[in-house]
Amino acid sequence: MAISNNIDTLNTVIDTLKTSGGSDSGWILHHVMDGDGIELPFFGTMHLPEFPTVFGIDITPTKHIVFMWIVALLVFLTFYFIARGYKKSLIPKRLANFFEVFIIFIRDEIAEPTLGNAYKPFLPFLLTLFFFILFGNFIGLLPFSATFTSNIAVTATLAIISFIVIQLGGIRQNGFFGYFKGLIPHGMPMWLLPLMIPVEILGLFTKPFALAIRLFANMIAGHIVILALIGLIFFMGTPYVAPVSIAFAVFIYLLEILVALIQAYIFTMLSSLFIGMAVHQEH
């Protein structure tokens, strides 16, 4: 009798969602897209304050911007306390010991192999990039949070920053004219230059484009799949599909934890690789 009552209650919830438009897939986009409010447990949606425009630009914070601020603060505080701990003792303890594994890995397995002896000036940038993306990916897996790395504007901005560092690194190492001259393969016949110059210039912009799309697509895809699996319970109009949907959703959620780490690694590794290609040009 109790099981029958619970099923009847769930059916009632399903009917309510249907009549209110809950069976529409728009609720999935509502959870993965940016917005002007933050969902809070037990309090509903807290709408963010509106700021006046500056030079015609709307600077009102959105949900993703707020979580970017939170992640930036978390990264700063984390490594502030780690650095302060190293001042007291050179032997890492607890939190410092945990993050030292990632720092050494990025230095020894990403920066040094791709940049060689020139890795030191770029290591702080690569570490900041890695941990900012990593923290952002993981905080997006928490309930009532938002994954700002699933926003194409955010990933594009990160890619543009990497693009700027790539160009500055190449110019710093090879000189302004030497860097752009080095983009053309050595020994290229003169008659091929009109074709190769546009191709090489286009190649400069395809690298950050690939960085932006890869991170954006992987992070948004996982969240959409999880929400779609949960939504099957309501779309199919029966609670009997719930065990299968929840089981697959949990599996994808666990996979998302791995993807969050892998995508931070790939973005950092490719950025380091592109910087290395700009710094160590073939002559």
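The values are calculated or read from the model by the stated rules, or taken from the named source; none is laboratory data. What you see is a predicted model, and the numbers here were worked out from it, not measured in a lab. All Cβ positions, glycine included, derive from the backbone under ideal geometry; neighbour counts span all protein chains shown.
Some notes on this structure:
- Residue match in region 217-228 (condition: within 28 Å of Gly276 (Cβ to Cβ), buried (at least 21 other Cβ atoms within 10 Å of the Cβ) and within 18 Å of the chain's Cα centre (by Cα)): yes
- Hits in region 187-216 - residues which are exposed (fewer than 12 other Cβ atoms within 10 Å of the Cβ) and not in a helix (DSSP H, G or I): Gly187, Pro189
- Against the test of being assigned to a loop (DSSP other than H, G, I, E, B), modelled with pLDDT under 85 and touching a helix residue (DSSP H, G or I) at 6+ places or on another chain (Cβ under 7 Å), the options Ile230, Ile184 yield a single qualifying residue, Ile184.
- Among residues of region 197-212 that are among the aliphatic types (A, V, I, L, M), those with a Cβ under 9 angstrom from a residue that is surrounded by 11 or more Cβ atoms within 10 Å (Cβ to Cβ) and not in a helix (DSSP H, G or I), sequence gap 6+ or separate chain, pair up as Ile197/Leu183; Ile197/Ile184; Ile201/Leu183; Leu204/Leu183.
- Residue count for region 113-157, restricted to those that are closer than 18 Å to Pro208 by Cα, touching a Leu at 6+ places or on another chain (Cβ under 7 Å) and surrounded by fewer than 17 Cβ atoms within 10 Å (Cβ to Cβ): 0
- Breaking point among (1) in contact with a Phe, Trp or Tyr (Cβ under 6 Å, 6 or more places away or on another chain); (2) modelled with pLDDT under 75; (3) β-branched (Val, Ile, Thr), for Ile59: (2)
- As for region 251-262, it holds at least one residue that is under 18 Å from Thr114 (Cβ atoms) and either surrounded by fewer than 18 Cβ atoms within 10 Å (Cβ to Cβ) or touching a residue at least 12 places away in the same chain (Cβ under 8 Å) (or both).
- When each of Ile91, Ile139, Ile110, Ile70 is tested for being at pLDDT below 90 and among the β-branched types (Val, Ile, Thr), the lone residue that passes is Ile91.
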